[in-house]
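The values are calculated or read from the model by the stated rules, or taken from the named source; none is laboratory data. Just so we're clear, the structure is a prediction, and the values are computed from it rather than from any experiment. Glycine gets a Cβ as well: all are built from the backbone with ideal geometry, and neighbour counts include every protein chain shown. Side chains are part of the model used for accessible areas, which takes the heavy atoms of the whole protein and leaves out ligands, DNA and RNA. Shrake-Rupley method; radii C 1.70, N 1.55, O 1.52, S 1.80 Å.
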Amino acid sequence: MTRFLSVRFLQAMIVVLIMSFVVYGLIGLMPGDPIDIMLSGDPNMTAADAARLKALYGVDKPITERYFNWLMSAVGGDFGYSRQHNQPVMHILLPRLLNTLYLMIFAFLISVAVAIPAGVYAARNPRSWVDQAINLFCFAGISVPVFFLALLLIILFAVKLGVLPASGMRTVGGPPSFLDQLRYMALPVLTLTIANIAQVTRYVRSGMIEVLREDYIRTARAKGADENRVVWKHALRNALIPTVTIMALECGTLLSGALITETMFAYLGMGKLIFDSILANDFNVALIGLLFACSVTLILNLIADLLYAALDPRISYR
Amino acid sequence: MVSVVSNQVRDDAALPPPTRPALLIWRRFRRHKAALIGGAILIVLALLAILAPAIAGWRGQDHEAVNLFNRFQPASAEHPLGTDDLGRDLLLRLIYGGRISLFVGLVTACLTASIGTVIGLISGWYGGRVDAFLMRFCDGWIALPLLPVLIVLAAVDPTKVGLPVSIAKSPDLSLYRIVLIIALVTWTTSARLVRGVTLTLKTRDFVQAAVAQGASTARILFVHILPNALSPILVAATLASGNIILLESTLSFLGLGIQPPVASWGNILTNAQEIIWSQPMQAIYPGVLIFTTVISLNFVGDGLQDAFDPRTEGR
């Protein structure tokens, strides 16, 4: 187990390292470089000044050398400054990360709480009208663009009904309260949840249909086990094995979905930070934000593998 | 020898007339009502997209010509869905937007399926180190957060990757760029699929026979293995094209995809958040079109899957 964990962890570290180089290179390909941006903000700078600045910051060096320098300071805990906010990257990143985490935890818990009963019900009553309705909802959920879903919810709840705020984090000028924050989180969470429910329900349903055909389910029924016990205990546990991987990967998708959702609702989270910093040429923030998102996906993959073993005693990593 | 042949003829005569596989697939596909409706919708949308210039000529309107005296006109006989913030006929822009979305969906799906097929064939056929390398590469690629990476790729300065300025400044660049970058991030699904099929097929007798006859690797891969992998590839490509249209519309919505004045369903919605308070319907039409197209593609993909492989029906 320890061996498995350390090998996988090492592999993930290597992938992150390779990715950091790829992302570093990609970001270097975006228009403009930091010195050009400094130049455009200051009319008094001459070409000679620019060349000196470029030499000072090492922008004129080849990419491998620049990357190595960046990597060394990053390993030492120095991730650089944000050009936009004039603060160390970590100072900006951490609060944003927390905001996204709230959003994702709510979205994840609600979607699992809805998707598992819905998927199980549909699998127990295949071809019933409820199953077909759930199926239609799932197809709709995976086919709707996230930004359009957000627009529809804004039109319905903010424009037509006027019950929920269209964007922001809290009421400006009002006293800070938890309830107020929840009101602002409602629409972003709902947006993220709908698409996620659709995905997870599909996997729970197909996993469940497969498992309910198995011999051991028939045996359990023949022995007179209570039907609810057969479904929720014997069957669900095995049906969830493939679903768990999908759910872990789905969290990565949630992160991507969060980018659009947070941008639509002006919610100050990681996704919006990554998007804004890419558009504003805030290289240091964009780089760390992207690398962080990659690492999260890799860690979630690892967690999925561990959950696999926890759910299925036949799988062991010893 | 003669008797064998005559035997066979008699056997055939006893059986019902053989049904062509294509006909069988069509019969099974027909049972999937949602897929049939989806297919019909896609045909209508494709016809509208093809006929867009003819419709523009018939209506005597230009979908890119700005007329500021004509902003936000309500629906009328001349403008069935009204006009947008620059006074252009919304219906015509939606029809032209469909041209872009369907083109991007179709071309990118073909491109991504081709990249995935070649990588999958190589990985499955050669196995060993080649396979291990390509599949680890695939895993790493999947771990990339899709949307942020697409946004960075869409923001890449084309002159920095060595493209001549004449291409970098061309108005069609945003279209080609979007096809290319979406194909770059989505090929992994078909690569894994084709690898799997190749792995199972390469031990089969007919493939081994081809090897024994001294057929070249390219011939074995493309003449013997690929045709047997076509139906799963087709299903995957159909489902992928829906996803591609979603990605295209999202990037265009963010202002990083198709650039105005060229219309796309995504970029018509770019300023939607300002107009929903005054013109909510204008924000709804393009979104409904994206949704309808993508859900139709998903249903058709589902129907094709059931038709090719009856075992998966109802799952």
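Let me have the 222 nm mean residue ellipticity of chain B computed from DSSP H runs of 4+ only, each contributing -39500 (n - 2.57), with the sum over all residues rounded to the nearest 500.
Helices in chain B give a 222 nm mean residue ellipticity of -23000 deg cm²/dmol.
Starting from the Kirkwood radius over alpha-carbon pairs of chain B, derive D by Stokes-Einstein at 20 °C in a medium of 1.002 mPa s and give it in µm² s⁻¹.
Reported coefficient: 95 µm²/s.
Note down the magnitude of the dipole of the protein assembly as shown about its Cα centre, charges +1 on Lys and Arg C-beta and -1 on Asp and Glu C-beta and zero elsewhere, to the nearest 20 debye.
1860
Using a 10 Å cut-off on Cβ to Cβ distances, tally the other chain neighbours for every residue of A:273-284 and report the average as a whole number.
For this peptide, the per-residue mean of nearby foreign Cβ atoms is 2.
Please compute the alpha carbon radius of gyration of segment A:2-89, then divide it by the globular-protein estimate 2.2 N^0.38 Å. Two decimals is fine.
Ratio of Rg to 2.2 N^0.38 Å for segment A:2-89: 1.40.
Please list log₁₀ I(q)/I(0) at q = 0.25 Å⁻¹ for segment B:207-305, using the Debye equation with identical point scatterers on the alpha-carbon positions.
Treating every Cα as an identical point scatterer, log10 I(q)/I(0) equals -1.16.
Kindly state, to the nearest 0.05, the FRET efficiency for B:ARG204 paired with B:GLN259, given R0 = 56 Å and r defined as their beta-carbon distance.
The pair B:ARG204/B:GLN259 has a calculated efficiency of 0.70.
Calculated FRET efficiency, B:LEU36 and A:VAL130, Cβ-Cβ r, R0 22 Å, to nearest 0.05?
With a Förster radius of 22 Å, E is 0.45.
In nanometres, what is the gap between the two model label sites at A:ILE63 and A:LEU97, each 7 Å from Cα along Cα-to-Cβ?
The answer from the label model is 2.7 nm.
Divide, for chain A, the radius of gyration over alpha carbons by 2.2 N^0.38 Å, where N is the residue count.
Here the Cα radius of gyration is 1.24 times the empirical estimate.
Not counting ligands, DNA or RNA, and with a 1.4 Å probe, what is B:VAL235's accessible surface area in Å² rounded to the nearest 10?
Counting only protein heavy atoms, B:VAL235 exposes about 10 Å² to solvent.
Amide H of A:GLY80 versus every other amide H placed in the peptide plane: which residues, excluding those fewer than 5 positions away on the same chain, fall under 5 Å?
A:VAL89
Taking the alpha-carbon centroid of each part, what is the distance from segment B:266-297 to segment A:164-234 in angstrom?
So the separation of the two Cα centres works out to 28 Å.
Between B:PHE299, B:ILE181, A:THR171, whose Cα lies farthest towards the positive end of the dipole of the protein assembly as shown when Lys and Arg beta carbons carry +1 and Asp and Glu beta carbons carry -1, centred on the Cα centre?
B:PHE299
Distance between the C-alpha centers of segment A:102-159 and segment B:188-217? Whole Å please.
40
Estimate for me the total accessible surface buried between chains B and A (protein heavy atoms, probe 1.4 Å, no ligands or nucleic acids), in Å² to the nearest 100.
3800
Any idea what angle helix B:188-201 forms with the longest principal axis of chain B, computed on alpha-carbon atoms, 0 to 90 degrees, nearest 10?
Helix B:188-201 sits roughly 10 degrees off the main axis of chain B.
7 Å from Cα along Cα→Cβ at both B:CYS110 and B:ILE55: what's the point-to-point distance in nm?
So the label points at B:CYS110 and B:ILE55 sit 2.3 nm apart.
By per-residue mean of other Cβ atoms within 10 Å, what is the highest-first order of A:77-88, B:32-43, A:286-297, B:148-159?
Averaged packing, sorted descending, gives the order A:286-297, B:148-159, B:32-43, A:77-88.
Show the residues, 5+ positions off or on another chain, whose built amide H is closer than 5 Å to the amide H of B:ARG88.
Amide H neighbours of B:ARG88: B:ASN67.
Only helical DSSP H runs with n ≥ 4 go in: add -39500 (n - 2.57) per run for chain A, normalise by residue count and round the 222 nm mean residue ellipticity to 500 deg cm²/dmol.
Calculated mean residue ellipticity at 222 nm is -24500 deg cm²/dmol.
Would you be so kind as to identify which of A:ILE155, B:VAL104, B:ALA34 lies farthest towards the positive end of the dipole of the protein assembly as shown, taking Lys and Arg as +1 and Asp and Glu as -1 on Cβ and the Cα centre as origin?
So the residue furthest toward the plus end is B:ALA34.
Restricting to lysine pairs 8 or more places apart or on different chains, what number in the protein assembly as shown have Cα atoms under 21 Å apart?
Final tally of qualifying lysine pairs is 4.
May I have the extent of the alpha carbons of the protein assembly as shown along their three principal axes, as whole Å values ordered from largest to smallest?
The principal-axis extents, from largest down, are 99, 71, 61 Å.
What is the mean number of Cβ atoms from other protein chains located within 10 Å of the Cβ atom of each residue in peptide B:272-280, rounded to a whole number?
4
Calculate one ³J(HN,Hα) per residue across segment B:22-31 by plugging θ = phi - 60° into the Karplus curve 6.51 cos²θ - 1.76 cosθ + 1.60, and present them in order as whole Hz with x for glycine and proline.
4, 5, 4, 5, 4, 4, 6, 4, 4, 5
Using the crude model of +1 on Lys and Arg Cβ and -1 on Asp and Glu Cβ, and no other charge, please compute the dipole size for segment A:93-311 relative to its Cα centre, in debye to 20.
So the dipole magnitude of segment A:93-311 works out to roughly 580 debye.
Over all distinct Cα pairs, what is the inverse of the mean 1/r for segment A:178-318, reported as the Kirkwood hydrodynamic radius in Å?
Evaluated over segment A:178-318, this radius sits at 17.8 Å.
Please grab the % of Cα pairs in segment A:1-149 that end up more than 27 Å from each other.
Pairs farther apart than 27 Å: 56 percent.
What is the gain in length, in nm to one decimal, between A:ILE105 and A:ASP78 on full extension, counting 0.36 nm per residue of separation less the C-alpha to C-alpha distance?
6.8 nm
Roughly what would the spin-label model give for B:ARG20 and B:PHE222, points 7 Å off Cα along C-beta, in nm?
2.6
For chain B, take the longest principal axis of its alpha carbons; what is the angle in degrees between that and the long axis of helix B:90-126, to the nearest 10 within 0 to 90?
Compared with the principal axis, the helix lies near 30 degrees.
Each residue of segment A:10-15 in turn: what ³J(HN,Hα) in whole Hz from Karplus with 6.51, -1.76, 1.60 and θ = phi - 60°, glycine and Pro shown as x?
Calculated HN-Hα couplings, in order: 4, 4, 4, 4, 5, 4 Hz.
Go ahead and run the numbers for FRET between A:GLU210 and A:LYS233, Cβ-Cβ distance against an R0 of 22 Å, rounding to 0.05.
Rounded to the nearest 0.05, the efficiency is 0.85.
Within 10 Å of each Cβ in peptide A:137-146, how many partner chain Cβ atoms are there on average? Round it to a whole number, please.
Mean shielding count: 6.
Using +1 at the Cβ of each Lys and Arg and -1 at the Cβ of each Asp and Glu in segment A:2-89, identify which of A:TYR81, A:VAL22, A:PHE9 lies farthest towards the dipole's positive end.
Going by the charge dipole, the pick is A:PHE9.
If you line up the long axis of helix A:283-311 against the longest principal axis of chain A, both from Cα atoms, how many degrees apart are they, to the nearest 10?
Between helix and principal axis, roughly 20 degrees.
For a protection proxy built on the mean count of beta-carbon atoms within 10 angstrom, sort A:302-314, B:100-112, A:178-190 highest first, please.
Top to bottom by mean Cβ count within 10 Å: B:100-112, A:178-190, A:302-314.
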